[in-house]
Amino acid sequence: MLTDIEIVHNRAHMDRLVNRRDRIMARIRAIETQLSELERATNDPQRRHLLIYLSTFHHTEIDQLDSALKRLAMGKYGVCLACNGPVEADWLESFPEAEFCSTCYRIKERMSAG
């Protein structure tokens, strides 16, 4: 059973994640509008490529935020998927969708780069 403090804490995280998701969805809609206008008005392949890249990037962010919201609903938010340790509060503050603690994230990044 969650304490009152944990409930308030979880609600704050959920509000932050949902607000961030809403802002990103607004960006995606704006990008889609720009793409539609671009395709009707002109043929600018560089701008089109940039808008498609941005749209893809933001859709990835949405997927990460949705995953974080699911973890929050399951009581797993703030728990590292790699080591099952806690994700640092300052790390979650910077990256509210974080799946890994900072240590495991850095290891994952090194492994991906190598």
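What to note about this one:
- Residue check for residue 44: loosely packed, with under 13 Cβ neighbours inside 10 Å and more than 24 Å from residue 9 (Cα to Cα): yes
- Single residue of the range 60-80 satisfying the filter (in contact with a Lys or Arg (Cβ under 9 Å, 6 or more places away or on another chain) and of a type in the set (Val, Ile, Thr)) that is most open to solvent (accessible area, probe 1.4 Å): 79
- Taking the numbered list (1) open to solvent by less than 60 Å² (accessible area, probe 1.4 Å); (2) in contact with a Ser or Thr (Cβ under 8 Å, 6 or more places away or on another chain); (3) at pLDDT 95 or above in turn, residue 83 passes all entries but (1).
- Residues in the range 86-95 that are within 14 Å of residue 17 (Cβ to Cβ) and either open to solvent by less than 60 Å² (accessible area, probe 1.4 Å) or in contact (Cβ under 8 Å) with a residue 60 or more places away in the chain (or both): 87, 92.
- Of residues in the range 17-41 being surrounded by 15 or more Cβ atoms within 10 Å (Cβ to Cβ) and in contact with a Ser or Thr (Cβ under 8 Å, 6 or more places away or on another chain), the one nearest to residue 98 (Cα to Cα): 28
- All conditions but one from (1) farther than 18 Å from residue 16 by Cβ; (2) surrounded by fewer than 12 Cβ atoms within 10 Å (Cβ to Cβ) apply to residue 100; the one that does not is (2).
The values are calculated or read from the model by the stated rules, or taken from the named source; none is laboratory data. Quantities reported herein were computed from a predicted structural model and do not represent experimental measurements. Note that we place each Cβ from the backbone using ideal geometry, even for glycine, and neighbour counts take in every protein chain shown. The accessibility values were calculated without ligands, DNA or RNA, using every heavy atom of the protein model including side chains. Shrake-Rupley method; radii C 1.70, N 1.55, O 1.52, S 1.80 Å.
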